[in-house]
Every structure is written in structure tokens, then in C-alpha cells.
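Participant: After the C-alpha cells below, expect a handful of questions from me.
The values are calculated or read from the model by the stated rules, or taken from the named source; none is laboratory data. Because the structure is a prediction, the values reported are computed rather than measured. Glycine gets a Cβ as well: all are built from the backbone with ideal geometry, and neighbour counts include every protein chain shown. All accessible areas refer to the heavy atoms of the entire protein, side chains included, with ligands and DNA or RNA removed. Shrake-Rupley method; radii C 1.70, N 1.55, O 1.52, S 1.80 Å.
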Amino acid sequence: MKLLTEYRDPELVRTILARISQRLTRPWRIMEVCGGQTHNLVKYGILSLLPKAIQLIHGPGCPVCVTSLRRIDQAVELAERGVILCSYGDMLRVPGSRKSLLEAKAGGADVRMLYSPLEAVRIARENPGREVVFFAVGFETTAPANGLA
């Protein structure tokens, strides 16, 4: 598949790194503001490839992206043990160390995307014999709705 293979070209990586090095006139400190960027920079070893004059500072990130692998893994484990796991859609795609919640759902886990935490309350009422977990992180856009529930 061209879309993936064109980004896995070691010669292209060496060329880009050489161009970056040639253009450096002073040390740079760059903040990544997205936790997804940070995860990928670490996962694919990009941090170790950059010239020493470039220092990446891991920035605030949104709570979804900076949620630890351990927390994602715990949510996946709960879902795979039979809990009804409810969360906002963006959290479902965040990768854990083995898989994301969306991948757990594809494997048969009962993972449900919600638009409101009140839906988790409704689901719990409709399933009194099952444990329902609302998995979400606090953020200014979701904190009011989470608090309301």
C-alpha cells in the first residue's frame, strides 16, 4: 500500500534528517501540543533520530491523547472481561500497549460510544445485571456534562 510504504523509506528519512541538520543555525526547543504526536514520536524512534540541537518539549496535549497507556490498557481489560465500557468517540481510538478500545470492540467487547455521560446512566439502568463503566477524562469541554451526570 503506497500510503504506508512511502512513509517507511529509510533513505527518505536520512535525507530529511540531513536537510534539517543543514538548516540548523542555533538550538531549537519545540513544544508538541498533541499527545498523539508525542506517542508517535516516541513509538517510531523519531526523538532519537533528531539532531541534538533540537529539543522537543512534551506539551500539554489534550487529556484524551495524554491518557497513559496503563489507563487505556485497564479500560481494554475491563471491556474484555465483560463490562459494558462507555466512552466518548475520540477515546476509543487512542492506542494502548496492545490495542485500542475500538479494536477491543471489533474483537467482541461491549464498548459503546456515547455523546453524553447521561447515556451511560441510561445504559446502566437498562442493564442492572451488568457492570457499566463510563471511561472519560476531564477536559473543559466535557467536565460540565460529566459533573452533571
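Participant: By how many nm would the segment from Ser116 to Cys62 grow when fully extended, if each residue of separation counts as 0.36 nm and the alpha-carbon distance is taken off?
Facilitator: The Ser116-Cys62 span can extend by a further 17.6 nm.
Participant: At 0.36 nm per residue, and after removing the present C-alpha to C-alpha distance, how many nm does the segment from Glu126 to Thr25 gain when stretched out fully?
Facilitator: The span from Glu126 to Thr25 would gain 30.1 nm if fully extended.
Participant: Using 5 Å bins from zero, what percent of all Cα-Cα pairs in the range 10-58 falls into each bin?
Facilitator: In order of increasing distance, the bins hold 5, 19, 27, 26, 18, 5 percent.
Participant: Within the chain, what is the longest stretch that has no GluC sites (Glu not before Pro) placed in a DSSP loop and near at most 16 other beta-carbon atoms within 10 Å?
Facilitator: On the way: sites that count: Glu6, Glu131, Glu140.
Between exposed loop sites, the widest span is 7-130.
Participant: In the chain, carbon and sulfur make up what percent of the accessible area (probe 1.4 Å)?
Facilitator: 59 percent
Participant: Round to a whole angstrom and tell me the spacing of the C-alpha centers of the range 86-106 and the range 29-79.
Facilitator: The two parts, judged by their Cα centres, are 16 Å apart.
Participant: Cα-Cα pairs above 21 Å in the chain: how many percent? Mind dumping the intermediate values first?
Facilitator: Details: 6276 of 11026 pairs.
Above the 21 Å cut-off, the chain has 57 percent of its Cα pairs.
Participant: Moving on to the next point. Using the Kirkwood radius built from alpha carbon pairs, what does the Stokes-Einstein equation give as D for the range 69-148 at 4 °C and 1.567 mPa s, in µm² per second?
Facilitator: Rounded to a whole number, D works out at 103 µm²/s.
Participant: Something else about it: Please work out the average accessible area per residue across the chain, using the 1.4 Å probe convention, and give it in Å².
Facilitator: For the chain, the solvent-accessible area averages 67 Å² per residue.
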